[in-house]
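Just below is one structure, and these are the notes that go with it.
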């Protein structure tokens, strides 16, 4: 005759093993989803930081451009100086210089997303640019 205590222990061990197996399967299913979400949050934060850096660098370039006697090289150097700590070395800087008809200095800075992404093409296409534009009025034009 079997002891009821022995049967209860055997059933408890079986339930424990089944529970552990279920936990392992759930973890195997959920971990990739959680990691994708985590990396997505990190990538979004990085892109947001870079976007702010581009906006500020365009603003700094426009501030230099609005000064009397500013040269294109000074403007480009200022933009590059601001973007250097972020590791952005490949960018396109477009300058629209002020004239007597349109006394507005405009600086447009773009960088290819493929050059600054942390995860490559994990989340899809990287064939677009991040960019920012700033315009400031140049005083004292004749």
Quick one: residue 50 ticks every box in (1) more than 23 Å from residue 129 (Cβ to Cβ); (2) touching a residue at least 40 places away in the same chain (Cβ under 8 Å); (3) touching a strand residue (DSSP E or B) at 6+ places or on another chain (Cβ under 8 Å) except a single one, so which number is it? (1)
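If a residue has to be assigned to a helix (DSSP H, G or I) and either free of Cβ contacts under 8 Å to residues at least 12 places away in the same chain or in contact with a strand residue (DSSP E or B) (Cβ under 8 Å, 6 or more places away or on another chain) (or both) to count, how many in segment 66-79 make the cut?
Here is the first cut: in segment 66-79, the ones assigned to a helix (DSSP H, G or I) are 66, 72-79.
Then drop every residue that is not either free of Cβ contacts under 8 Å to residues at least 12 places away in the same chain or in contact with a strand residue (DSSP E or B) (Cβ under 8 Å, 6 or more places away or on another chain) (or both), which leaves 66, 72-77, 79.
The number of residues fulfilling the criteria is 8.
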What's the number of the condition residue 94 fails, among (1) in a helix (DSSP H, G or I); (2) surrounded by 11 or more Cβ atoms within 10 Å (Cβ to Cβ)? (1)
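All of the numbers you see were taken from the coordinates with simple rules; none came from a lab. Everything quoted here is computed from the prediction, not taken from an experiment. With ideal geometry, Cβ positions are generated from the backbone for all residues, glycine too; neighbour counts draw on all protein chains shown.
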